[in-house]
Amino acid sequence: MILSGTGISKSFMGVKALCDVSLMVEEGEILGIIGPNGSGKTTLFNILSGLERCDAGEVTLAGKRVSGLPSHRIAGMGLGRTFQNLRPFSGLSVLENVMAGGHLRAPTGILGQILGLPSIHAAERQARLDALQLLAEVGLGAYARSRSTELSYGQTKRLELARALNTRPRVLLLDEPTAGMNDVQAAEILDLVGAIKRKLNLTLVVIEHNVPVLMRFADRLMVLDAGCKLTEGEPRRVVADPRVIEAYLGR
Ligand code: ADP
């Protein structure tokens, strides 16, 4: 098991966002997370990635406890994530945006930078090459020098993906990778994510509104409803569960 959450609870000013939620993710698995709006999906991602602290519970990554650590430390230990609301650094080029995701593993100390050591230049060159390679993999090779603000919505989603991959994650949390896309575009981006997953041997946890698209992509689904885990298991069985249908249609 590469990622686990045990008994995670979180309230915001008395409102329960998550209530005793546990999840186990096996290495190489694709776990899909679904649930109506406000059911706690993003809060769960925020807790797994260290952006929020849980009130109770524990998160482990590759056997090490990470709950309580700051998000950059957890990222450095191999947990990457993309966000539902796109947020590229608008003043930077596409390439620089991807490189900004790589600082976690760059060996450049401040002293080395001041002294301009040759090894530092070599490391920077390598970081550039790595970032260019990732841009090519997500289909943005021709846009390396463009401003990130010049990209279309779908291209910005790909940039987010390249940036998250540049932290060299073992586990990648994807928050609505197909949001705002039609079914063809959604299938296209998930095909791309699937190919990269296989190539880099990643483990994926994916929040997705488009349940039919996610069903074809995920090995397993977990359903949240009003902060609680409703059910989890094989995708076709999960979406046929009357409780899941009720959660989606009953409000
Ligand atoms: P989902 O991602 O499934 O739509 P969220 O995790 O965003 O759900 O939200 C779960 C619940 O927690 C909602 O009731 C939401 O209003 C509340 N919530 C989430 N983040 C905050 C916050 N920072 N402050 C107050 N309430 C929040």
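All of the numbers you see were taken from the coordinates with simple rules; none came from a lab. Bear in mind that the values here come from a model prediction, so they are computed numbers and not experimental data. Ideal geometry is used to build each Cβ from the backbone, glycine not excepted, and the neighbour counts take in all protein chains shown.
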| note | Sorted on mean Cβ neighbours within 10 Å (highest first), peptides 71-81, 193-203 come out as 71-81, 193-203
| Using θ = phi - 60° and the Karplus form 6.51 cos²θ - 1.76 cosθ + 1.60, what ³J(HN,Hα) does each residue of the range 218-232 get, whole Hz, x for Gly and Pro? | 8, 7, 8, 10, 10, 10, 9, 9, 6, x, 10, 7, 7, 6, 7
| note | Rounded to the nearest whole number, the per residue volume of the convex hull around the C-alpha atoms of the range 8-98 in Å³ is 138 Å³
| request: Starting from the Kirkwood radius over alpha-carbon pairs of the chain, derive D by Stokes-Einstein at 37 °C in a medium of 0.692 mPa s and give it in µm² s⁻¹. | output: 173 µm²/s
| field | Set of lysines with alpha-carbon distance to residue 229 below 25 Å, sequence-local pairs under 8 removed | value | 10, 16, 41, 64
| Within straight cross-link reach of residue 197, meaning Cα distance under 20 Å, which lysines are found once same-chain residues fewer than 8 apart are removed? | 157
| request: Would you please state the base-10 log of I(q)/I(0) at q = 0.25 1/Å for the range 129-194, with intensities from the Debye formula using one equal scatterer on every alpha carbon? | output: -1.23
| message | Could you give each residue of the range 71-78 its phi-based ³J(HN,Hα) in whole Hz, using Karplus coefficients 6.51, -1.76, 1.60 with θ = phi - 60°, and x for Gly or Pro? | response | 4, 5, 5, 5, 4, x, 8, x
| remark: Taking a crude spin-label model, label points 7 Å out from Cα along the C-beta direction, the residue 153 to residue 246 distance in nm is 3.5 nm
| message | Using only alpha-carbon positions, what ratio does the radius of gyration of the range 161-237 give when scaled by 2.2 N^0.38 Å? | response | 1.12
| task | Subtract the Cα-Cα distance of residue 123 and residue 100 from 0.36 nm times their separation in residues, and report this length gain in nm to one decimal. | result | 6.9 nm
| field | Calculated [θ] (222 nm, deg cm²/dmol) that DSSP helices of n ≥ 4 give over the chain, each run adding -39,500 (n - 2.57) | value | -11500 deg cm²/dmol
| note | Output for the range 1-42: GluC sites (Glu not before Pro) sitting in coil per DSSP, at most 14 other Cβ within 10 Å, listed by number, reads 26, 27
| query | Can you sort 39, 67, 152, 9 by how many other beta carbons sit within 10 Å, fewest first? | reply | 152, 9, 67, 39
| said: Give the average over all directions of the projected area of the C-alpha convex hull of the range 121-251, one decimal, in nm². | reply: 9.8 nm²
